[in-house]
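Comments concern the structure below.
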Amino acid sequence: MIGAKVWTASSQADAGELDLHITATHLFEHASSPTGVGFVLAVALVRPHSQGTLTLVSRDPAVAPRIDLNFLAEPGDRRRLIEGIELARRLGAAPPLADLVERELNPGPQATSRADLEASMLATLDTYHHPTSTAPMGAPDDPAAVTDRLGAVHGVPGLRVVDASIFPDVPSAATNLTVIAAAEHISRQI
Ligand SMILES: Cc1cc2nc3c(=O)[nH]c(=O)nc-3n(C[C@H](O)[C@H](O)[C@H](O)COP(=O)(O)OP(=O)(O)OC[C@H]3O[C@@H](n4cnc5c(N)ncnc54)[C@H](O)[C@@H]3O)c2cc1C
């Protein structure tokens, strides 16, 4: 199933942004399907407005920080993700995918209202593992900025950070290549 991806904008996406991914995947417990086989149309909101927090709990660097991912705290994020789920359901119900489908397992045909979809979404919520922006780049007078545009930490001479933490915002693209691109871009300039 992997080989196609929908990368599109919800009706409430910010201008010029693609905030939804729908990924076809075989990552699925096939034994849970009455036919013994199945596929997933996994829906992701890739430009969330909900922000998590990373808090140091100790001055000892060996002590893990407290991470609160705070998924879907913003109601608008829930609405946009539900829109993606509705689109995925329409794709699954239309040819050619519909010809392969015996029946929808999740949310399932009994889920007809937005409230049903929201309950299913919250019960099956997962992550892409793409957290970013805990030490974002920005201008020196921006109180939220930790580094400049080349990863140099404001106010700490000789210290540079070049990883997913310096992205000013969560990218719509996946983060692995985005980190590599940022690293190559910065390494060429220092
Ligand atoms: C399960 C999973 C699946 C993913 N799938 C995809 C995918 O399909 N596509 C995609 O684009 N992205 C994917 N990602 C996201 C992507 O891997 C990350 O966004 C990316 O690796 C982040 O890069 P980074 O350099 O910021 O951090 P990392 O890659 O985490 O690098 C941090 C490095 O710092 C080292 N380190 C930590 N502490 C110390 C220390 N005290 N001293 C020295 N070194 C230290 C760590 O060992 C590590 O090597 C996935 C992530 C996960 C977890």
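Here the sum of -39500 (n - 2.57) over DSSP H runs of 4 or more residues, divided by the residues of the chain, equals -7000 deg cm²/dmol at 222 nm, to the nearest 500.
Placing +1 on the Cβ of every Lys and Arg and -1 on the Cβ of every Asp and Glu, with nothing else charged, gives the chain a dipole about its Cα centre of roughly 160 debye. Helix 175-187 and the longest principal axis of the Cα set of the chain meet at an angle near 20°. Database remark: amide H of THR147 closer than 5 angstrom to the amide H of MET137, GLY138, HIS154 (H placed geometrically; neighbours at sequence offset of 5 or more, or on other chains; Pro and chain starts carry no H). Our compactness index for segment 113-190, the C-alpha radius of gyration over the empirical 2.2 N^0.38 Å, is 1.45. For the chain, a Gaussian network of Cα nodes joined below 10 Å ranks THR147, THR23, THR55 by mean-square fluctuation, and the top entry is THR55.
At q = 0.10, 0.12, 0.16 Å⁻¹ the log10 of I(q)/I(0) for the chain amounts to -0.54, -0.73, -1.08, computed by Debye summation with a single uniform scatterer per C-alpha, solvent ignored. If you filter segment 143-190 for trypsin sites (Lys or Arg not before Pro), then keep DSSP loop positions with at most 12 other Cβ within 10 Å, what is left? Here the trypsin sites (Lys or Arg not before Pro) that fit, given the DSSP loop and packing criteria, are ARG188.
Taking all protein chains as shown and a probe of 1.4 angstrom, VAL57 keeps an accessible surface of around 70 Å². Assuming a ≥ b ≥ c are the square roots of the Cα gyration tensor eigenvalues, decide whether segment 1-105 counts as rounded (a/c under 1.5), prolate (otherwise, with a/b larger than b/c) or oblate. Cα axes put segment 1-105 in the oblate bin.
Of the residues GLY155, ILE85, SER133, the one whose Cα sits farthest toward the positive end of the charge dipole of the chain, with +1 on the Cβ of Lys and Arg and -1 on the Cβ of Asp and Glu, is GLY155.
The values are calculated or read from the model by the stated rules, or taken from the named source; none is laboratory data. This is a predicted model, so every value here is computed, not measured. Please note: Cβ atoms are built from the backbone with ideal geometry, for glycine as well, and neighbour counts cover all protein chains shown. Please note that ligands, DNA and RNA were not included when accessible areas were found on the heavy atoms of the full protein model with its side chains. Shrake-Rupley method; radii C 1.70, N 1.55, O 1.52, S 1.80 Å.
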